[in-house]
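As structure tokens, the structure follows; a few thoughts come after it.
The values are calculated or read from the model by the stated rules, or taken from the named source; none is laboratory data. The structure presented is a predicted model; accordingly, all values stated were derived computationally and were not measured. Here the Cβ is made from the backbone with ideal geometry for all residues, glycine too, and neighbour counts use every protein chain on show. Protein only, heavy atoms only, side chains kept; ligands, DNA and RNA dropped before computing areas. Shrake-Rupley method; radii C 1.70, N 1.55, O 1.52, S 1.80 Å.
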Amino acid sequence: MRIISSPVFQLRDIIHALLTSSSPPPSCDLISTFLTYGQLLGAKSIHGYLVDRCYDTQTLINDEFSSYQGVALCVAYDVKLSEQQWEDIFGIHESTSTISKTATSFFHLTDFLCILSGSRVVYYDPNERMINDERAYVSIFDLEHDNIEVFQDQFSPLDYFLLKSKTFYNGTLIRLPLRTTSTTQISTHIQTLDDIKQQLFKYFNFNHSLIELLLMQTNLNTIEFDYTKDFQSFTRFLSIEKHSLAAIYETQSTTQIIQLTLSKLINEISSSDGSRWLLSLQNDYNEIDKNKTEIKLLLPLLPLCSSYDPYVPLLQSSSYKSIQITSTRILYYHILSSTINSLSNVDICIQLRQMKFPKAYALFLKDLSRLINPTTSSSNLSIGFIWELMPDIDELQRLLKENQKYSTQQKQNIQLINNIIPDIWEEIGKQELFYSVTEGWGYVAIEDMIINNVESSPMQDVLTYVFSEANAPIVILPSHVINGLCKYSNKHYLKVMTPFHASKLLSENPSILFNLKSEQRLLLLKYIILNDPDPNLVLELELLPLANNKFITFQNKQASVVYIVDNNANFLQLFHIQQHDRFLNPNIDQNLFEKLSSKNFQGKETVFWFI
């Protein structure tokens with residue numbers, strides 16, 4: 001055993017951080033400390049124990065330590081401390097250092113610290129030296145070389161964790177014996193095991209805690225808390241499990257679909273709640289200024305509970321921020337960068353641009369597109385979900401006009417996304433985010449795609465089929481996506497389907513018409529003629545509808561004679577059925593019939609005669 005002075009916790013620091021406080025800090029401080037340590041350690045699991053047991057006090061390091069042999073909170077991590085982590089995280093060293101702000105959370109709960117990691121055990125008791133302006137002292141034991149049998153009672157609370165080997169624990173344990181008297185120099189606040197249990201329930205009852213868990217503690221997969229009296233029987237009263245359901249790994253990004261399951265046991269009643277999230281980590285490195293930026297984006301797959309107001313920072317959390325991407329979708333983000341502090345006084349919109357948030361969001365959508373099977377019918381993960389996450393310009397303009405309905409903070413968030421929309425759409429236009437319904441193309445860039453801007457209908461279907469048969473990369477986009485691309489992306493690349501495209505494609509691939517039904521041919525003719533009444537667009541196309549429900553080719557030379565009668569099918573009764581191939585079909589769409597009956601189409605393709 002060796003004893004060293006610890007410069008981390010000095011009297012003036014502890015007095016300033018703790019004793020001047022008339023009330024204990026929010027419970028989140030203590031819990032956040034455990035989670036933060038877990039992340040810093042690189043732990044994948046945290047296992048907490050509320051130990052309702054008292055141990056013998058005969059063989060202790062110091063007789064005054066007897067009050068620390070009672071009920072305690074133990075927190076175990078599945079990774080042991082490296083030598084550097086002993087120095088950096090817990091400050092157990094002799095060089096000068098500053099007060100560890102997170103560690104002060106411990107001393108609102110306890111007057112004593114015990115840390116076990118690997119073959120090293122540390123006992124730290126600042127309480128007995130509070131009356132002098134001295135450094136507190138740390139007792140360090142090496143289980144492999146020190147004789148701990150002489151302090152058997154002191155080490156008995158660690159027996160469960162040292163069962164396999166009395167000299168080594170393959171992890172890290174923090175034991176915090178609960179304060180039993182209010183006369184200590186550090187704090188007069190006393191908490192019970194039940195108090196801690198209620199604090200845990202309260203902390204993980206808020207959506208913001210789950211958001212912070214996903215954004216800040218990305219290594220952690222499991223958090224469990226048990227109650228025990230003897231380390232023989234355990235009652236699990238809280239657990240959080242995180243599972244990655246799917247992931248995409250790119251050079252500068254990782255995006256996952258995460259399932260979180262929160263299980264609780266309250267008053268012997270078990271409950272379990274599940275939620276799904278999209279978590280994306282984007283990394284960018286600037287070679288010029290040697291600046292590395294990490295952006296974490298988090299999106300709930302389902303809207304959060306109605307009682308949660310994203311604009312109110314619960315428990316004064318400031319580790320992440322939110323942005324209203326659409327009227328129903330809120331994105332949470334956390335940015336780490338060496339230059340972000342220099343931008344603290346800059347407008348948030350300028351900050352986001354300089355931190356390349358629009359690019360990160362576009363890459364997030366690209367990663368998400370690779371996680372989605374476009375043919376799936378899932379309501380949460382379909383191609384339509386990606387369109388939904390692309391900002392709607394008209395929708396946000398409407399929200400701005402209705403701003404009297406919203407709080408000041410909500411107005412600011414709506415204005416923020418409205419100001420940064422051009423940047424987001426510009427970056428979206430640079431990504432292969434647009435799924436082509438033409439087999440074999442998959443996601444395409446805007447310079448390759450042809451947009452089918454016809455509203456969902458049988459006409460849209462037949463146009464998609466025709467272009468797909470010609471292997472043209474057709475994409476079908478919602479109007480707000482077309483609007484955003486047309487307004488802010490590279491307009492030179494955008495190609496929207498037109499009657500000219502359809503005419504040219506059919507002229508080059510006339511065999512496509514052979515596979516179409518009469519109704520489909522009429523829809524094609526209607527699309528071309530009603531949108532661009534140029535007879536040259538149908539010349540040499542077998543799309544002229546006859547009264548016998550067949551089609552002939554629009555011709556200019558050596559044209560057949562086709563008669564046009566009033567748009568009334570009754571006159572056909574005057575002619576033998578074999579003569580119906582000499583008349584324009586009177587049963588077609590009225591507008592189409594009138595266009596074909598106009599002078600533009602007379603004497604230029606097929607010769608029309610009026611009766």
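Computed quantities for the displayed model
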item: Rough spin-label spacing in nm, given labels placed 7 Å along Cα→Cβ, for GLN415 and HIS243; result: 4.5
item: Burial order of peptide ranges 266-274, 465-473 (average beta-carbon count within 10 Å, highest first); result: 465-473, 266-274
item: Segment TYR285-ASP448, length gained on full extension (0.36 nm per residue, minus Cα span); result: 55.7 nm
item: Cβ-derived FRET efficiency at R0 25 Å, LEU302 paired with GLU402, nearest 0.05; result: 0.50
item: Nonlocal amide H pairs with SER436, under 5 Å, H built at 1.01 Å; result: GLY442, TYR443, VAL444
item: Quotient of Cα Rg and 2.2 N^0.38 Å for region 352-474, N being how many residues it contains; result: 1.25
item: Gain upon complete extension [LYS487, SER327; 0.36 nm per residue less C-alpha separation]; result: 55.6 nm
item: Rounded to whole Hz, the Karplus (6.51, -1.76, 1.60) HN-Hα couplings of region 161-178, x for glycine and proline; result: 7, 10, 4, 6, 8, 6, 10, 7, 10, 7, x, 10, 10, 10, 10, 10, x, 6
item: Table column - 3J(HN,Hα) (Hz), region 499-504, Karplus curve with 6.51, -1.76, 1.60, x for Gly and Pro; result: x, 4, 4, 5, 5, 5
item: Accessible area (Å², per residue) of region 373-434, counting only protein heavy atoms and a probe of 1.4 Å; result: 48
item: Surface accessible to a 1.4 Å probe, per residue, for the residues of region 466-559, Å²; result: 50
item: Phi-based couplings in Hz for region 195-204 (Karplus 6.51, -1.76, 1.60; Gly and Pro marked x); result: 4, 5, 4, 5, 5, 5, 4, 5, 4, 8
item: Theoretical FRET efficiency, 1/(1+(r/R0)^6), r = Cβ-Cβ of SER156 and ASN219, R0 35 Å, to 0.05; result: 0.65
item: Rough spin-label spacing in nm, given labels placed 7 Å along Cα→Cβ, for THR251 and PHE168; result: 4.2
item: Point-to-point label distance, ASN548-GLU149, nm (Cα→Cβ direction, 7 Å offset); result: 11.3
item: Segments 226-232, 291-297 sorted - mean Cβ within 10 Å per residue, highest first; result: 291-297, 226-232
item: Pairwise FRET efficiency - ASN471 versus THR192, Cβ, R0 = 51 Å, nearest 0.05; result: 0.10
item: Highest-first arrangement of 43-50, 591-598, where packing means the average Cβ count within 10 Å; result: 43-50, 591-598
